[in-house]
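Asker: Pasting a structure below so you can have a look.
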Amino acid sequence: MALSDSLGATRSSSAAAAAAATSGCGKTPTLRSGSQTITTSGKSRSWILRIPDNYDNNHPYRLIFAYHWLNGTAQIVDSGGSDGAVWAYYGLKQLSNNSTIFVALQGINNGWANTNGEDLTFTDDVLRVIENDLCVDTTQRFAMGWSYGGSMSFALACARPTVFRAVAVYSGAQLSGCNGGTQPVAYMGIHGTHDSVLNISLGRQLRDRFVANNGCTPMNPPEPPQGSLTHIITTYSGCRPGYPVVWAAFDGDHTPSPNDGSTSTSGARTWTSAEVWKFFTQFQSGSSPSPSPSPSASPSPSPSVSPSPSPSGGSGACRVSATVNAWNNGLTEQIAITNTGSSTINGWSLTFTLPSGQTITNGWNATYSPTSGQVTARNVSYNGTLPPGATTEIGFQATHTGNAAKPTAFALNGNPCTIA
């Protein structure tokens, strides 16, 4: 293959019911596979879209964003370069067998400097266009990339932890920033032990951030000796449910497609495609890591645990704190609810008023209705009981038209809450 990186070396209905679907579901799409343009941050940017053959507008699809390397292009990611279709989207398109929507974005100056967050905004804006037109499963969004593209995928893990379910970072470093970087994201890192462009220590640093965020047990995973031409894959233990960390170290240099037993970097022979595909597809549609928030998942209440209009034996006294992380025309909000009463609450509903122009697009750890104005968030199956002094966290993602302020008028089971 010929991937030139100038950083250095060359080298079904029931499922639909469970999925958190986008507004594009049920629509006749206007988007078509191929090259696209969008104006974002005052610039015209290009990207490539690949929609599955025989696309079904009632089926929510998995969505994968793929980022190119320095001096690479979206076109090479899309075509597979000299390796052809077998290596399109780092080999995942062929493995997907028409089950996935793929996107390749083009970086400014063929890179991902992410100046003032403009590449994050580019991603946000493309995502919005796609989901307004196509049927996407919002619990099945993923990002991946090699070298500078891996660095951009890491930046997304830091800044959009409730948007992307998991990321795969091939031979990356912190080159595109890390705005946030404190929340868990399912993370897979792949790196060569003698990478002459981005030393493996840089990849380990990225990995270790999410080892900590995901609550995994710290360790120094084994790595293959130089000259062995092998790879070792380690899955960390102790991670929070739904937030695995996987580290794949290989005896090789700066490449996304190492081949065991050879110095060749053929995309047709590499093991990385199958391993990344396995990592992404382990996450089931509509799945929600519990009790942690899942990226953009909207769990449904269990039939056996119904929200109560009033607390059972509790006064409903509560304290609420809210944290907003806003960008261009979107935001995420994390809300902590504490029972400050003297009795256990069994089944709760939290009402609050969203600022004008804000609309919830998806959420986690509660169900939300309606999506604007005065909203009611109701408990789900695993967090309906709040003993005295206990706290539960919920959250949501929303769009906004300029007002990214916090909600107001919080009340738990009809009783006003104090604001922390």
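Asker: With a 1.4 Å probe and all protein chains left in place, how much of the accessible area of the chain comes from carbon and sulfur atoms, in whole percent? Intermediate results must be reported in sequence, preceding the final value.
Answerer: On the way: 7390 of 15470 Å².
Reported share for carbon and sulfur atoms: 48 percent.
Asker: Name the residue farthest towards the positive end of the dipole of the chain from the options Pro256, Pro29, Thr371, assuming +1 on Cβ of Lys and Arg, -1 on Cβ of Asp and Glu, about the Cα centre.
Answerer: Thr371
Asker: Which lysines, on any chain, are close to Lys278 with Cα under 27 Å apart, when same-chain ones fewer than 8 places away are left out?
Answerer: Lys93
Asker: Looking at segment 311-420, what % of its DSSP beta bridges pair antiparallel, to the nearest 5? It would help to have the intermediate numbers written out before the result.
Answerer: Numbers: 39 of 41 bridges.
Here the antiparallel bridges make up roughly 95 percent for segment 311-420.
Asker: Could I ask something else about it? Need the full-extension length gain, Thr323 to Asp56, defined as separation in residues times 0.36 nm minus the C-alpha distance. One decimal, nm. Don't jump to the answer; show the numbers that get you there.
Answerer: Values: separation 267, 0.36 × 267 = 96.12 nm, distance 3.76 nm.
Stretched out fully, the Thr323 to Asp56 stretch lengthens by 92.4 nm.
Asker: To continue, here is another question. Counting Lys and Arg as +1 and Asp and Glu as -1, each charge on the Cβ, what is the dipole of the chain about the Cα centre in debye, to the nearest 20? Write down the numbers at each step before the final one.
Answerer: Numbers: 21 positive and 21 negative charges, 134 e Å.
I would put it at about 640 debye.
Asker: Would you list which lysines come within 28 Å of Lys43, measuring only between C-alpha atoms, while excluding same-chain residues fewer than 8 positions from it?
Answerer: Within the straight-line cut-off, Lys43 pairs with nothing.
Asker: Label segment 29-93 by shape, choosing from rounded, prolate and oblate, from the square roots a ≥ b ≥ c of the eigenvalues of the Cα gyration tensor; if a/c is under 1.5 it is rounded, and otherwise prolate applies when a/b is larger than b/c, oblate when it is not.
Answerer: Numbers: a/c = 2.15, a/b = 1.08, b/c = 1.98.
Verdict is oblate for segment 29-93.
Asker: Accessible area, 1.4 Å probe, largest first: how do Tyr148, Tyr243 sort? Each step should come with its number before you reach the end.
Answerer: Details: Tyr148 35, Tyr243 0 Å².
Of Tyr148, Tyr243, the descending order of accessible area is Tyr148, Tyr243.
Asker: Given a Förster distance of 41 Å, report the FRET efficiency between Thr385 and Ser262 from their Cβ-Cβ distance, rounded to the nearest 0.05.
Answerer: Details: r = 57 Å, r/R0 = 1.38.
My answer for the efficiency is 0.15.
Asker: As a test of the formula, what do you get for the chain when each DSSP H run with n ≥ 4 contributes -39,500 (n - 2.57) and the sum is divided by the residue count, at 222 nm and rounded to the nearest 500 deg cm²/dmol? Spell out each step's value before the answer.
Answerer: On the way: 7 runs with 69 residues, N = 420.
The helix contribution divided over the chain gives -5000 deg cm²/dmol.
Asker: Now, a different point. Run the 1.4 Å probe and let me know the accessible area of Met219, rounded to the nearest 10 Å².
Answerer: Rounded to the nearest 10, that gives 80 Å².
Asker: Dipole of segment 44-100 (Lys/Arg Cβ +1, Asp/Glu Cβ -1, origin at the Cα centre): which of Ala66, Val86, Asn54 lies farthest to the positive side?
Answerer: Ranked along the dipole, the leading option is Ala66.
Asker: Where does each of 373-380, 411-418 land if you order them by average Cβ count within 10 Å, highest first?
Answerer: Numbers: 373-380: 19.1, 411-418: 17.5.
Put in order of decreasing packing, that is 373-380, 411-418.
Asker: According to the square roots a ≥ b ≥ c of the eigenvalues of the Cα gyration tensor, what is the shape class of segment 312-420, taking rounded for a/c under 1.5, prolate for a/b larger than b/c otherwise, and oblate for the remainder? Don't jump to the answer; show the numbers that get you there.
Answerer: Values: a/c = 2.17, a/b = 1.95, b/c = 1.11.
Cα axes put segment 312-420 in the prolate bin.
Asker: Consider the candidate values (1) 66, 57, 38; (2) 67, 53, 43; (3) 68, 48, 41; state which one is Cα extents along the principal axes in Å computed from the structure displayed.
Answerer: Step by step, Cα extents along the principal axes in Å for this structure corresponds to label (3).
Asker: Taking only protein heavy atoms into account and a 1.4 Å probe, give the accessible area per residue of the chain in Å².
Answerer: Values: 15470 Å² over 420 residues.
On a per-residue basis, the chain sits at 37 Å².
Asker: Under 16 Å between alpha carbons, and skipping anything fewer than 8 positions from Lys27 in its own chain: which aspartates and glutamates qualify?
Answerer: Correct list for Lys27: Asp56, Glu131, Asp133, Asp137.
The values are calculated or read from the model by the stated rules, or taken from the named source; none is laboratory data. Note that this is a predicted model, so its numbers are computed, not measured. Reconstructed Cβ throughout: ideal geometry from the backbone, glycine too, with neighbour counts over all protein chains shown. The area values use the complete protein model at the heavy-atom level, side chains included, leaving out ligands, DNA and RNA. Shrake-Rupley method; radii C 1.70, N 1.55, O 1.52, S 1.80 Å.
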